[in-house]
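Visitor: Sharing a structure, written as structure tokens. Questions coming.
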Amino acid sequence: MWSSSAVARNIAVLLTISYNSLLQLARGSAVVKSGVSNYSFPDDFIFGVGTSAFQTEGGWNEGGKGESMWDTFLHEHPTFTVDHSNGDVAADSYHHYMEDIELIKKLGVQSYRMSISWPRILPNGTDNNINQEGVKYYRRILEELVKANITPVVTLFHWDMPTPFMNLGGWTNAKVIDYFEDYARVAFNLYGDLVKMWLTLNEPHESCLSGYGNTGLVPALNSHGLGIYLCIHNSLLAHARVYRMYEKEFKPDQKGKVSIVLESVWTEPKDPNKQEDVEAAENYLQMHLGIFAHPIFSEEGNYPRVVREKVNNMSRLQGYSRSRLPYFTDEEVTALRGSADFYALNHYTSVSVSPSAMEFYWKVPSYYHDTGVRMEGDPFWARPGAIWQFLYPPGFRKLLNWLQNNYKILKEIAIIVAENGFIDFGGIEDYDRVDFYNDYLYQLLLAIHEDGCNVKGYFAWSLMDDIEWRDGYTHKFGLYSVDFNSPNRTRTPKLSSYNYANIVRTRRIDFDYIKRPEDLNTTALKGL
Ligand code: NOJ
């Protein structure tokens, strides 16, 4: 999340496009791919596309819905988003969901990842008041999806916590876990006949770091030393609680699968010949990804040793008599270990890493200070879209291999890429997004066919342009563009939607399917 203005960022991005292209050419890394990929996606590989409730639905106070913390916070702090927007209408999927299902069908994907807005079905967050109109809304969508042979994958918490719980400290308050469990039970009871793939929490790293450890996301608590770790700890416990509850109360009948969405960057050592950079890259990955994945997917469970040591040592040096990273009880370690039926990975960017004792933007105490690493972009990586998204497709393959090598259980349970996508600032002729999907999906093919990674699914993010949290409507991720100025939020396919549909249909990547005008004899839309 960045606080500079959208205009300044656009200029910076424009400058980096040519800079990056020159550097890439100088290094010979601007590989021009053509033809059709030699490998194909296996028959049992699932293609999908995703959205989340707050980002697309709108209808913030319609049909009996309660307020989420994003509704309340953006109403009270209208300048929090860079364009001073909010999610009141968003892409208005609350009214256009049938149209959205048609868009999903056009892509030909087998699955759709969506989220339930907790306050739409429980307006106060608690199960003493179930909002029947909200219940019907999701039921209709799920029934339509199933009728169209599209498997719904449903996230329970995609950051839009009911406001009453934000006021009680959000995820820093361990009691919220009980109420999350109640909400999950209501959802399993209501929709478990239709939904067989559930995701408890989306990207707790991002929501804890930016929502509790700084001010990038709501509730913008800025509790950089403590709140972030309480949030991480309670998010993990909330996940385990819901996983075990489903396992006991619902799995025998409903036979569904449950997991949690964990996001990660790939960390590349700044100088691969320097041992300290190699170690910093590994350690940062443990602080970012291992802190969530190790308790769930490793054989021994609990936080990774390096994470425990780093936060304990730093806490001690800072005069705390207890670690800022809480401890799990033995029962909690056991409940967490193995609490996932597949690994759901989100991936967007890579970072170049070297050790550092202090950076000017770090607070003390803070998670960043605890990590002890400096992160930056590699000048050889392209950055045609947002300022933070460095394109290094091989990093995706390396990350998949890292997971596969670190967690033996991934031989038995599959990795599903729950989000991967490209940001730009608008436009239907989104050639950079087409390249992004071609290049990242190609690395995925290599990870499957050459490295033996057990990846069984991929969800493009996102079905359509939406509210990109603090970046408002300035950043676009959609395969479909949404006209946020039109009253009916007109959806228009981008070139990337045709390209993705072709990959889904043929199960291969055709690097020539969409050509840039400069590479074309005819028109970009020929044959579409
Ligand atoms: C991850 C989040 O899950 C999603 O809501 C967001 O739009 C994307 N990252 C892009 O930032």
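Visitor: Starting at 0 and stepping by 10 Å, how many percent of the alpha carbon pairs of the chain end up in each bin?
Guide: Reading the bins upward from 0: 4, 19, 31, 29, 14, 3, 0, 0.
Visitor: Lone cysteines in the chain, defined as no other cysteine's Cβ under 4.7 Å from theirs: which are they?
Guide: C453
Visitor: Quick one: divide the alpha-carbon radius of gyration of region 62-205 by 2.2 N^0.38 Å and tell me what you get. If you can, show how the numbers build up before the last one.
Guide: Working: Rg = 15.5 Å, N = 144, 2.2 N^0.38 = 14.5 Å.
With N residues counted in region 62-205, Rg over 2.2 N^0.38 Å equals 1.07.
Visitor: What distance in nm separates the simple spin-label points at K274 and E76, each placed 7 Å from Cα in the Cβ direction?
Guide: 4.4
Visitor: Which whole-Hz ³J(HN,Hα) couplings does region 320-331 yield from phi under the Karplus relation 6.51 cos²θ - 1.76 cosθ + 1.60, θ = phi - 60°, glycine and proline marked x?
Guide: Here the 3J(HN,Hα) series is 6, 8, 9, 5, 5, 8, x, 9, 8, 6, 4, 5 Hz.
Visitor: Sorting check: for 120-131, 493-504, which peptide has the highest mean count of neighbouring beta carbons within 10 Å, and how do the rest follow? Numbers along the way, then the final one.
Guide: Details: 120-131: 18.3, 493-504: 22.1.
Ranking, from highest mean packing down: 493-504, 120-131.
Visitor: Residue by residue through region 205-210, what is 3J(HN,Hα) from phi via Karplus (6.51 cos²θ - 1.76 cosθ + 1.60, θ = phi - 60°)? Round to whole Hz and write x for glycine and proline.
Guide: 4, 5, 5, 6, 5, 7
Visitor: Could you give me the radius of gyration and the Dmax of region 415-482, taking only the C-alpha atoms into account and expressing both in angstrom?
Guide: 13.5, 40
Visitor: Exceeding 32 Å between C-alpha atoms, which entries from my cross-link table qualify? They are K248/K476; K106/K136; K33/K257. Display every interim value, and only then the final one.
Guide: Values: K248/K476 41 Å; K106/K136 25 Å; K33/K257 38 Å.
From K248/K476; K106/K136; K33/K257, over 32 Å: K248/K476; K33/K257.
Visitor: Let me ask you something else. Which loop-located trypsin sites (Lys or Arg not before Pro) does region 274-357 contain, where loop means any DSSP state but H, G, I, E or B and the Cβ has at most 12 other Cβ atoms within 10 Å? Intermediate results must be reported in sequence, preceding the final value.
Guide: Details: sites: K274, R305, R308, K310, R316, R322, R324, R337; in loops: K274, R322, R324, R337.
When the trypsin sites (Lys or Arg not before Pro) of region 274-357 are filtered for loop state and at most 12 Cβ neighbours within 10 Å, R322 remain.
Visitor: Please list, in chain and number order, the residues 5+ apart from T349 or on another chain whose amide H is under 5 Å from its amide H, with Hs placed from the backbone.
Guide: It is W266, by chain and number.
Visitor: Could you tell me what percent of the accessible area of the chain is made up of carbon and sulfur, with a 1.4 Å probe and every protein chain present? Each step should come with its number before you reach the end.
Guide: On the way: 10520 of 20250 Å².
On the chain, the fraction of accessible area on carbon and sulfur atoms equals 52 percent.
Visitor: Dipole of region 230-300 (Lys/Arg Cβ +1, Asp/Glu Cβ -1, origin at the Cα centre): which of W266, A238, L285 lies farthest to the positive side?
Guide: Checked the options; the winner is A238.
Visitor: So what are the radius of gyration and Dmax for the Cα set of region 147-241, in Å?
Guide: 14.3, 48
Visitor: Roughly how many debye, to the nearest 20, is the charge dipole of the chain about its Cα centre, given +1 on each Lys and Arg Cβ, -1 on each Asp and Glu Cβ, and no other charges?
Guide: The calculation lands at about 580 debye.
Visitor: What accessible area per residue, rounded to a whole number of Å², is obtained for region 149-299 using a probe radius of 1.4 Å? Don't skip to the answer; put the middle values down first.
Guide: Working: 4620 Å² over 151 residues.
Dividing the accessible area of region 149-299 by its residue count gives 31 Å².
The values are calculated or read from the model by the stated rules, or taken from the named source; none is laboratory data. What you are looking at is a predicted structure, and each value in this text was computed from that prediction instead of being measured. Neighbour counts are summed over all protein chains in view; Cβ atoms, including those assigned to glycine, are modelled from backbone coordinates with ideal geometry. For accessibility, only protein heavy atoms count, side chains too; no ligands or nucleic acids. Shrake-Rupley method; radii C 1.70, N 1.55, O 1.52, S 1.80 Å.
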